[in-house]
Amino acid sequence: MRQGSDGALNRFAQIYGAAAGFIFFASGAVYLFLGRWPVTHQDFWVFYDNFLHRSWFYSSIVKYNGHSLIFPCQIWLANLHFFHGSQDSLFVIGLAFELAATAILLLAIFRDRSIDATIRIAATVTIIFGNFWMGRASMTASGAFNCAYSLVLVGATLAFLCLPKLAGESDRQATLLVTILVANVVASFSFGTGMAAWGATLVTAYCLRARVWKLAVLAATATASAVIFLALPPHDAAASCVASLPLSRPATYLTLFGYLCRLLGSPWLHMCAAWSGVKNPDEAAYAGVAMCAGLLGLLLVSAVLAEKLWRRNLRGGMELIGFALLTFNFIAFILIIIARARHIHEIPSELNAPRYLYWSALFWTGAFLIALTWAQSKAGLRWPIIASALALPIIAFPSHYQEALRFRYVRMLGQTAGTSLVNGIHDNTQIQILSPFPDLVYRLSQEMRARRLDMFAPGYQDWIGQRATAVFPAPLVTLRLNGKCHGVGVGPGNSALRLNGSAATRAKVTPDVLVILGPDEVVRGIARSTATGEWLNHFIYGRTFSPFAFVGFIADYNPQLAYKIRAVKGRSLSRETIAVPISAEQP
């Protein structure tokens, strides 16, 4: 009877796990695509300023905010020169790296014949959670950032995958060793936390009983990488964070310990806050959740490290991947704490910064994989651990969905800010979504306009000031365009007008591009769709967004003139027009 019950429970767990894993993966991929950044954003204004005005060599080797980005820089530079700085191209590349890292982790799980099907599916769900939880979207929805972060993960996981054969007596020792060294070098010079890959590789190789000469080669190359990393010039002069810490005071170590626990436990803070309906978790209210979870994670990693370092009995497959992920992210957070301690002290909210969730989610992925190895060998722990792993999609889904909504909204704001730049509008409030340095954005956008990069690549800005018949020589087409709009002034002392509206054709879709015409049929502004299609809005976003929205700008608005809007279709304009109300609110 007991075997029959276990068999039914295993089948249920496998079916549920396969369904939950697929749904979480599919929703994560779709949410990332729909919430991806549409234009240049955040640090990339600084990077691109360097790329466009300094040599390729200098732009590649310089450290940005303490990070060496040599390998991602090659992708970003190639994208600027060959793909006009397209953010969609970077999104595809970044997502490809993310999928590759996920595939490497899953390969290790499915090659492990020591675990049964139920545990294998639970491990798969755990890996999908760690890689496609939208809590990490501050990095993964940005194709540019994802190129760096996921390239680190690809390098690190590839090195981990090769370690068991390196520690054994494989005939391809030289090839394996070179692969591991190259993979770790790529990880190290793709982002600052990539240096942790060397520590994790060394510790994992030692626990696999790798020979001393192999450990020595790994250690020597790690040392050389660290020396080169430290020798690379910084983009801007900054004092050493390590030197600024009062290391002689015992309280410093207690503070650093608290920071480490808070950062490790941060995913649970965000997930618990989402369950309580809080969109922006208050630090004081949820700090205890992060602290307790982080302390538990710290105890786990300490116990696992101590046992494996003492016994050197690490096995390949799931146990190795779990151990390596746990160790890698633990070391990465130690490096983060050392480098950012002063910054965290000055801005405590940094402990909840979403960008760290990329790594802390992977830390907990490693923790659950280790726990699942215990479930395989300890009957009493089997079902509680499996149930906990399979519950991750349910526990994480409110925060998953909440972040999906947020990044869809961020995409709309980014699209609006990009459209304002195409129209030549300087609105500091609008541009804050792209960068905290609006003057840099305005200066660099002029050069990007001249070079036709990013939002300027289609050339919409060239239409402004030309007669409609010169830009669109084909006859007007009937689209059955219907819509309305209203105007809002763009800040004090600015003659520009922003148009917020809704429009739909007979196909019930909003045209991607619309032009704003003056009474003389001259193009006075460009409008872009910010709509979320009816089907997507209904079934994926719960009718949160407008299915027919657009936003446009008129740089030199004259309230005495009558403006109208036509939709663009190829080299034609729509026969129908949308009137801009003369009663529009003046700037």
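The values are calculated or read from the model by the stated rules, or taken from the named source; none is laboratory data. Not measured: the values here are computed from a predicted model. All Cβ positions, even for glycine, are placed from backbone atoms using ideal geometry, and neighbour counts span all protein chains on display.
Brief remarks on what is shown
- Any hit, the range 81-100, residues being of a type in the set (A, V, I, L, M) and more than 17 Å from the chain's Cα centre (by Cα): no
- Selection within the range 406-465 - among the polar types (S, T, N, Q), under 21 Å from the mean Cα position of the chain (by Cα) and not in a helix (DSSP H, G or I): Gln432, Ser435
- Filtering Phe51, Phe47, Phe57 for residues that are buried (at least 22 other Cβ atoms within 10 Å of the Cβ), part of a helix (DSSP H, G or I) and not small (Gly, Ala, Ser) leaves a single hit, Phe47.
- Positions within the range 308-334 being under 25 Å from Pro267 (Cβ atoms) and of a type in the set (Phe, Trp, Tyr), in sequence order: Phe323, Phe328, Phe330, Phe333
- Counting the residues of the range 59-83 that are modelled with pLDDT under 95 and touching a Cys at 6+ places or on another chain (Cβ under 7 Å) gives 2.
- Subset tally (residues that are crowded, with 16+ Cβ neighbours inside 10 Å and under 23 Å from the mean Cα position of the chain (by Cα)) for the range 101-128: 11
- When residues of the range 499-547 are limited to those that are farther than 17 Å from Ala468 by Cβ and in contact with an Asp or Glu (Cβ under 8 Å, 6 or more places away or on another chain), the one surrounded by the fewest Cβ atoms within 10 Å (Cβ to Cβ): Lys508
- For the range 538-579, the candidate set comprises residues that are hydroxyl-bearing (Ser, Thr, Tyr) and free of Cβ contacts under 8 Å to residues at least 60 places away in the same chain; within that set, the residue that is nearest to Ala474 (Cα to Cα) is Tyr563.
- Filter pass, Gly155 being of a type outside the set (S, T, N, Q) and at pLDDT below 95: no
- Elements of the type strands (runs of 3 or more DSSP E) sitting completely within the range 493-543 and holding at least 2 residues that are touching a Lys or Arg at 6+ places or on another chain (Cβ under 7 Å) and assigned by TED's automatic domain parsing to the domain that holds Leu481: these cover 497-504, 513-517.
Okay, residues lined up against (1) among the hydrophobic types (A, V, I, L, M, F, W, C); (2) touching a helix residue (DSSP H, G or I) at 6+ places or on another chain (Cβ under 8 Å); (3) modelled with pLDDT of 95 or more:
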residue: Val185; (1), (2), (3): yes, yes, yes
residue: Ser188; (1), (2), (3): no, yes, yes
residue: Gly192; (1), (2), (3): no, yes, no
residue: Ala200; (1), (2), (3): yes, yes, yes
residue: Cys207; (1), (2), (3): yes, yes, yes
residue: Lys214; (1), (2), (3): no, yes, no
residue: Pro233; (1), (2), (3): no, yes, no
residue: Ser248; (1), (2), (3): no, no, no
residue: Leu256; (1), (2), (3): yes, yes, no
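- Any hit, the range 373-382, residues being more than 23 Å from the chain's Cα centre (by Cα), within 19 Å of Arg315 (Cβ to Cβ), modelled with pLDDT under 95 and not in a helix (DSSP H, G or I): yes
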